[in-house]
1. Amide H to amide H under 5 Å from VAL14: which residues, 5+ apart in sequence or cross-chain, H placed 1.01 Å off N in plane?
2. Given a Förster distance of 25 angstrom, what is the FRET efficiency for GLU235 paired with ASN163, based on the Cβ-Cβ distance and rounded to 0.05?
3. Enumerate by residue number the trypsin sites (Lys or Arg not before Pro) in the range 58-143 meeting two conditions: DSSP loop (anything except H, G, I, E, B), and at most 16 other Cβ atoms within 10 Å of the site's Cβ.
4. Okay, which of the range 179-209 sit inside 13 Å, backbone N to the point 7 Å along the Cα-Cβ direction of LYS299?
5. Between ASP342 and LYS26, what is the label-to-label distance in nm when each label sits 7 Å out along the Cα-to-Cβ direction?
6. In nm, to one decimal, how far is the LYS324 label point from the GLU3 one, both placed 7 Å along Cα→Cβ?
7. Across the range 200-210, in residue order, what do the Karplus-derived ³J(HN,Hα) couplings come to in whole Hz, using 6.51 cos²θ - 1.76 cosθ + 1.60 with θ = phi - 60° and x for Gly and Pro?
8. Rounded to the nearest 500, what is the chain's calculated 222 nm mean residue ellipticity when only DSSP H runs of at least 4 contribute -39500 (n - 2.57) each, over all residues?
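What follows draws every value from the coordinates through simple rules; no lab data is involved. Everything numeric here is computed off the predicted structure, so don't read it as measured data. Virtual Cβ from ideal backbone geometry, glycine too; neighbours counted across all protein chains shown.
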Amino acid sequence: MIELIKKLSNSHGVSGFEGEVRELIKAELEDFADEIKVDKLGNLIATRNGDELDLMLSAHMDEIGFVVKKIDEKGFIRIAPIGGWFSQILVAQRVVLYGKKKFYGVIGCKPPHVMKDEERKKAIEIGDMFVDVGARSKEEVLKLGIDVGTPVAIDREVELLVNNRITGKAFDNRVGVAVAIESFRKCNNSATIHFVATIQEEVGLKGAKTSAFLLEPDIAIAVDSCVSTDFPGNESVHMDIALGKGPVITIVDASGRGLIVSQKVLEWIKKTAERNGIPYQLEVAEGGTTDATAINLTKEGIPAGVVSIPARYIHSPVEVVDLKDVEWAVELVKKSIENVRDYFR
Ligand code: ZN
């Protein structure tokens, strides 16, 4: 599992530019699917045939990142964010830019030696940041195949922490993708399963919307990551999601403007966890949502639930997850797929 997570997390797939990640996922599923296709917008759909009940298993493969907005005469590159970043974590990060090939760059900043006192106290906005690829001029940057619109992603390799915990970038949602891949491979399905690695979740649940319309499933589970609130200074958050306590089952997200999970779906996933001795946590969140929200509102409505892997420092290059939660999430999704017929006829 750790090897699969490493492979997926270390690769790059900013929303709208998911190609590299899509190829990796495809290779992982080839021997386990009856059919694999890529739809018009770039969603990867792997189907394992079963009976007439269709279950959609969705996990978004995109990650938040940037695109090149402007290149100045000296070869410094300005970037626009794709997805929800907190600007303070971006200064001094290493990035990759997909020009003619993969080029490295750094988000530079003024050294403290030449900063005024007021400047040191101020947060730097993304609009004021720049990427340095080492080039001397605009012409040189253009020759690398880097131009307005080139995708830029954070570059950070997965590393092990203690207690079976790991850190890396884009765990939202490559860890969810890894969980969905493993559950798809291992499950003994009776229903027909469509695993969809969706595009552009981070910028409006777009791939989930179009793929659910195409597939018209009877029921769906989205696998994603969610905010683990067990960090210092969490007193004002008033949520109890922690690492190592099991996958998270969503009840409500985005204060109900996202998803309010139907009681029947909740019963299905919760009872599955309880019957199989899988620990779980329940989430009512005011911010954030998932693919399940878009799927839920497709056509005449599709019952949808969410299983999440709790992650600390989400939407940063140093997200942290507990591998125990990952294993339990695989178990929960796999068993839910296997017993869906007991709850939905
Ligand atoms: Zn996500």
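1. Amide H to amide H, under 5 Å and 5 or more residues apart or across chains, VAL14 pairs with GLU63.
2. 0.60
3. In loop regions of the range 58-143 (DSSP not H, G, I, E or B), the sparsely surrounded trypsin sites (Lys or Arg not before Pro) are LYS74, LYS100, LYS101, LYS116, LYS122, ARG136.
4. Flagged as within label range: none.
5. 3.7 nm
6. 2.5 nm
7. 6, 5, 5, 10, x, 6, 6, x, 5, 4, 6
8. It comes out at -8000 deg cm²/dmol, rounded to the nearest 500.
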